[in-house]
Each structure stands twice: as C-alpha cells, then as structure tokens.
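The block underneath contains the structure these notes are about, expressed in structure tokens.
The values are calculated or read from the model by the stated rules, or taken from the named source; none is laboratory data. Not measured: the values here are computed from a predicted model. Cβ placement follows ideal geometry from the backbone for every residue including glycine, while neighbour counts extend to all protein chains displayed. What goes into the accessible areas is simple: the full protein's heavy atoms, side chains included, and nothing from ligands, DNA or RNA. Shrake-Rupley method; radii C 1.70, N 1.55, O 1.52, S 1.80 Å.
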Amino acid sequence: MDLKDGKGFDFDGIKEALTAQDPEKKIHLVTIQRSKGYQTRKTLSVDQIGEAISFIKGIRPDVTCMVDNCYGEFTMDKEPSDVGADMVVGSLIKNPGGGLAPIGGYIVGTKECVANAAVRLTSPGLGKEVGASLDVLPQLYEGFFMGPIVTAAALKGAIFAANCYEKLGFETFPNGSEDRYDIIQAITFHKPEGMIAFAQGIQSASPIDSFVDAQPAPMPGYDSDVIMAAGAFVSGSSIELSADGPIREPYTIYFQGGLTWPHAKLGILKTLQNMQERGIAKLD
Ligand SMILES: *Cc1c(COP(=O)(O)O)cnc(C)c1O
C-alpha cells in the first residue's frame, strides 16, 4: 500500500485491503518500513507507526504487525514495540550493532512471534535453543552495548551535514532543524556531479580504502547506475561512514553513519572541499 501523496498512511486504502472478503486476498501480516530507502519521503516516526498499528488492530485485531526498524533504533526514546508492534526486526550492521557486530540481525516482539520466527530459522521443536552463532556473540553483545552512543554520533553527523548543505542552498531531507526518526541524511543536487563529489569525499575520509575512487556502476536490482562510498571495517556496514544513491533524477545522495562524531565531521568536510574545488558549491 503506497503512502498517500508519498507522506502519511493511506488509511482508506488500508481499511479496504484489511476487510477484503476474497479469501485469496485475506491479510495475515502487515509490514511497515520505518526508513525511506532511496526515496525523499519522510521517515516514519514511532508515533506515526503506532497510529497505523492502532488503526489496523481496530479493524482486524488478529493481524500481525511487523516493523522493519532499520536505521531507526535509538534515534528516539521509544521503539515500535512500545506502540503496539507485534514484531520488530532490524540489521546488526546498522545502529544496534554499534559498528562491532560483523553480521546479523535481530528479531524482538511478542513471545509467540519470536518463537515462530525461531522455529522457521532453525527447526520446529528446537527453536532458539540452537543455531549458528559463528563465534561472534561477544561482538554482538558489545556492539549492542555501544549501539546507542554510536547512533548518537551518526545522528550528530547527519544534523551537521544537513546544516552545512542547507546553507549552501541544497535541499536536505530531513532539514537542519526537523525532528529525526532515523540516521539517514538525504541531500539533493539535481545533477550527478554533486552526488559523485559527495560520495568521493566520504570515500577519501574512510579508515579503509581511502585511496579508492568511488564511481557510479550498474547494480543488480537497480534500473540506473548506483554510486556507493564506504571504506568500512565491516564490509557493507552502514552504521560506519557511508554514502550512496542511484544516479537518476533528482540526484539525491543518502549519507549515513560514522562510528564517532569527529570522523563523521571529517567526512563531511571532505565532501565540502570537493564541492568547492569542483565548482559545485561556493563556500565563501
Ligand atoms: C539494510 C536494510 C535491510 C537489510 O539489512 P541487512 O543486515 O543488510 O540484511 C532491510 N531493510 C531495510 C529498510 C534496510 O535499510
């Protein structure tokens, strides 16, 4: 169900879908994605998610509500499980892994949902009593312990980036002063050069592979070239300093992460230097 005008929930449409009489179309599970992916819509707040869940449960109390909480963890003082979600899932190479988890995801929620997921992931009767832990449990626990403060650093970097780029006249989502419900900072350039200069600035500030020249290239699953900058300790980890986006209108780069605030700041300063040197923005 698409969001209405790309913003809020389409409550009429949701009601219609939930009350469909055709048994083939009977809905058992609703999934809600908190973050925006490669879109310029707003990230959903936990309160907005709670409103949708109350609405859904008011019509169909038997429906399971699951939230993909990726990038949102610890950015607010509550989580979707506080507002009625039956099940909440996310990635441990983002906020709740604190940069230390090398792999993995989490599932939290009602006892029934967690148990059902566990028997699916292992086997009936064994549930979460067994399973591959790949010798990484200490990193998962330490990462989870560090998660909130690492997320705070990433948030601070995102706010700094929004404020810098807003002052230079670029559109920023969210803007420099809005409330934030995840760590993603989108900046729109309306031309590919801006995205490329930004991504290459982030790459040059990376602790690993800082010499690498990030370039747009085809990616499975995308209909345009994609540029990705990430010189991370954990490959693919986007709680580490990173920036990416599809090379297409409106030419928006999605920036996130930074395990520490000083590193996030360095990365953003490097992007600004590229903007100045390539004549994309005038800093003085
Ligand atoms: C990153 C992400 C995932 C996947 O997480 P992985 O740990 O990379 O598998 C799923 N959903 C959303 C919205 C994400 O941002």
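May I have the convex hull volume per residue, in Å³, for the Cα set of the stretch 41-115?
In the stretch 41-115, the Cα convex hull volume per residue is 99 Å³.
Using a simple charge model, +1 on the beta-carbon of Lys and Arg, -1 on the beta-carbon of Asp and Glu, nothing else, what dipole does the chain show about its Cα centre, in debye to the nearest 20?
With Lys and Arg at +1 and Asp and Glu at -1, about 200 debye.
Considering the chain as a Gaussian network with a 10 Å cut-off on Cα pairs, which listed residue, GLN200, GLN215, GLN185, attains the greatest mean-square fluctuation?
GLN215
Could you pull out every one of the lysines with an alpha carbon less than 29 Å from that of LYS57, ignoring same-chain neighbours closer than 8 positions?
Candidates past the 8-residue exclusion: LYS4, LYS7, LYS15, LYS25, LYS26, LYS36, LYS42, LYS78, LYS111, LYS128.
If Lys and Arg each add +1 and Asp and Glu each add -1, what is the summed charge of the other residues whose beta carbon sits under 15 Å from the beta carbon of LEU100?
With Lys, Arg at +1 and Asp, Glu at -1, the neighbours total -3.
Quick query: amide H of MET228 versus all other amide H atoms, modeled in the peptide plane; which residues come in under 5 Å with a sequence gap of 5 or more or a different chain?
Those qualifying (amide H under 5 Å, at least 5 residues apart or on another chain) are GLN215.
What is the sum of charges around SER238, taking Lys and Arg as +1, Asp and Glu as -1, for the other residues whose C-beta is under 9 Å from the C-beta of SER238?
Around SER238, the charge tally is -1.
Residue by residue through the stretch 48-57, which ³J(HN,Hα) values in whole Hz follow from phi under the Karplus form 6.51 cos²θ - 1.76 cosθ + 1.60 (θ = phi - 60°), with glycine and proline marked x?
4, 5, x, 4, 5, 5, 4, 4, 4, 5
Lysines within cross-link reach of LYS282: Cα-Cα under 21 Å, excluding same-chain residues under 8 positions apart?
LYS167, LYS191, LYS265, LYS270
With each run of n ≥ 4 DSSP H residues scored as -39500 (n - 2.57), what mean residue ellipticity at 222 nm is computed for the chain after dividing by its residue count and rounding to the nearest 500 deg cm²/dmol?
It comes out at -11000 deg cm²/dmol, rounded to the nearest 500.
State whether the stretch 127-256 is rounded, prolate or oblate according to the following rule on the C-alpha gyration tensor (a ≥ b ≥ c being the square roots of its eigenvalues): a/c under 1.5 gives rounded; otherwise a/b larger than b/c gives prolate, and the remaining case gives oblate. Before the final figure, lay out each step's value.
Details: a/c = 2.02, a/b = 1.48, b/c = 1.37.
Prolate shape, in that a/c is at least 1.5 and a/b is the bigger ratio.
What FRET efficiency would be calculated for the residue pair ARG248, LEU269, taking the C-beta separation as r and a Förster radius of 45 Å, to the nearest 0.05?
Plugging the Cβ-Cβ distance into 1/(1 + (r/R0)^6) gives 0.95.
Roughly what % antiparallel, to the nearest 5, for the DSSP beta bridges in the chain? Can you show the working numbers first?
On the way: 21 of 29 bridges.
Percent antiparallel among DSSP bridges in the chain is about 70.
In whole percent, what relative contact order does the chain give with Cα contacts below 8 Å and a gap of six or more residues?
This gives 15 percent for the chain.
Report the gain in length on full extension from ASP135 to THR40: 0.36 nm times residue separation, minus Cα-Cα distance, nm rounded to one decimal.
30.3 nm
Quick check: net charge around ALA281, other residues with Cβ under 15 Å of its Cβ, Lys/Arg +1 and Asp/Glu -1?
Charge balance in the 15 Å sphere: 0.
Quote the relative contact order of the stretch 51-181 in percent (integer), defining contacts as alpha-carbon pairs under 8 Å separated by 6+ residues.
Answer for the stretch 51-181 is 21 percent.
Tabulate in residue order the Karplus-calculated ³J(HN,Hα) for the stretch 236-246, using 6.51 cos²θ - 1.76 cosθ + 1.60 with θ = phi - 60°, rounded to whole Hz; enter x for Gly and Pro.
Coupling constants for the stretch 236-246: x, 6, 10, 8, 7, 4, 7, 8, 7, x, x Hz.
Can you work out ³J(HN,Hα) from phi for every residue in the stretch 176-193, in order, using Karplus 6.51 cos²θ - 1.76 cosθ + 1.60 and θ = phi - 60°, giving whole Hz and x for Gly and Pro?
Values per residue, Gly and Pro as x: x, 10, 5, 5, 10, 10, 7, 9, 7, 10, 9, 10, 9, 10, 6, 7, x, 4 Hz.
Chymotrypsin sites (Phe, Trp or Tyr not before Pro) within the stretch 175-284: which are DSSP loop residues with at most 10 other Cβ atoms inside 10 Å?
PHE211
How high is the relative contact order of the stretch 193-241, in percent, counting Cα pairs under 8 Å that sit 6 or more residues apart?
Over the stretch 193-241, the number comes to 33 percent.
Pop out the carbon and sulfur fraction of the accessible area of the chain as a percent, whole number, probe 1.4 Å.
Values: 8100 of 14600 Å².
C and S atoms contribute 55 percent here.
Go through the stretch 25-121 and name the trypsin sites (Lys or Arg not before Pro) that are in a DSSP coil and have 16 or fewer other Cβ atoms within 10 Å of their Cβ.
Hits after loop and neighbour filter: LYS26, ARG41, LYS78.
Under 5 Å between amide hydrogens, which residues at least 5 positions from GLU171 or on another chain qualify, with H placed 1.01 Å from N in the peptide plane?
Answer set, sorted by chain and number: THR188.
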